[in-house]
1. Using every pair of alpha-carbon atoms in segment 181-239, split the distances into 5 Å bins beginning at 0 and state the percent of pairs per bin, rounded to integers.
2. Using 1/(1 + (r/R0)^6) with R0 = 41 angstrom and r between the beta carbons of residue 34 and residue 179, what's the FRET efficiency to the nearest 0.05?
3. Just want the ordering: 175, 147, from fewest to most Cβ atoms lying within 10 Å of their own Cβ.
4. Just to confirm my numbers, what's the Cα centroid distance between segment 1-67 and segment 213-261 in Å?
5. Under the 0.36 nm per residue contour assumption, what length would be gained going from the current alpha-carbon distance of residue 275 and residue 260 to full extension?
6. With a point put 7 Å past each Cα toward its Cβ, work out how far residue 238 is from residue 79 in nm, to one decimal.
7. Could you give the length gained by full extension between residue 157 and residue 268, i.e. 0.36 nm per residue of separation minus their alpha carbon distance, to one decimal place?
8. Compute the distance in nm between two label points, each set 7 Å from the Cα along the Cα-to-Cβ direction, one at residue 212 and one at residue 119.
C-alpha cells in the first residue's frame, strides 16, 4: 500500500494501492473492447431509486470482459495488466494464438508476458481454466460458473477465492468467500488461483471527495433524523436506537433476520449457510 505525507487533513489517513508496481506502463484500453455506457446509479428500469447513496462520479469507459471463456484449447498470452474503473480486480489483455484479443480478470500472481489456457487437461497453474471435476480438493479457484457453459458468476472481485473441499456424486463442494458451503455441478468451469489486487480492502479514501469521484453519495445516520423520517430519529442529544432490533428507515428488521426465500430453487445445493455477525 502507498501512504502519503500529511500535507493536509485528508492526506494524513489516505492510502492507495501501488499501481506503479503492478500495472503495465503506458497501457491504454483497447478501443475495440471498450464502449461508453450510462451507469444505473441505483435506479431500476423505470428510473426509480432502488439503491440509495449512488450517483454522480467520474465518466467511465466500459471494458468488455470475457467471463464465458469459450475459446478452448487455444493458448493465450497476457499482453498488459490494466486498471478497470468498473471492478475492484485488475484486468489483463489476453491475446490468443489465433490473434483474437479479449479482456480477462487476472489472478494474483499473473504478470504481463504470462500465458494461460482453457482446457480440461490444463496444468494446475494460476490463470488456467478447467472443469471442477478435474480440480483436486484444496485448490483455490475464482471465476466460477453456477451452470455449465453459463459464464463465470462467482468469485470475481479483488482478493476473492473459493476452495474446493470435496468432489462426489456429480457435484463439487465449494467453500465460498462468505463461508457458505454449496454444491456446484462438476461440469462447471473455474479458473485456478486468487483474484488480483488483494490489498483493495485496505484502501482508505481519506476524504469525502474521493467517494464522490467513485459515485458514492453521502449517507445520513438514522439517529440524526427526526422521528417521522426514521425509527431511530428524535430525542434530545445523542440517543440509542430505542428499538429491540435494528431496522431500516422503513421499519424492516435487519441484522440477523434470514432473508433467503424458503422455496428458492438453489436451496437444495446449499450444504452450510454462511456465518453472520461475530461468529463469522
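Values in this text are rule-based calculations from the coordinates and carry no lab data. All values derive from a computational prediction rather than experimental measurement. Cβ placement follows ideal geometry from the backbone for every residue including glycine, while neighbour counts extend to all protein chains displayed.
1. 4, 12, 10, 10, 10, 12, 12, 11, 9, 7, 4, 1, 0
2. Details: r = 36 Å, r/R0 = 0.88.
Efficiency for this residue pair is about 0.70.
3. Numbers: 175 17, 147 11.
Taking fewest neighbouring Cβ atoms as first place, the list is 147, 175.
4. If we compute the Cα centre of each part, the gap is 28 Å.
5. 4.0 nm
6. Computed distance between label sites residue 238 and residue 79 equals 5.6 nm.
7. On the way: separation 111, 0.36 × 111 = 39.96 nm, distance 2.57 nm.
Contour length minus Cα-Cα distance gives 37.4 nm.
8. 5.3
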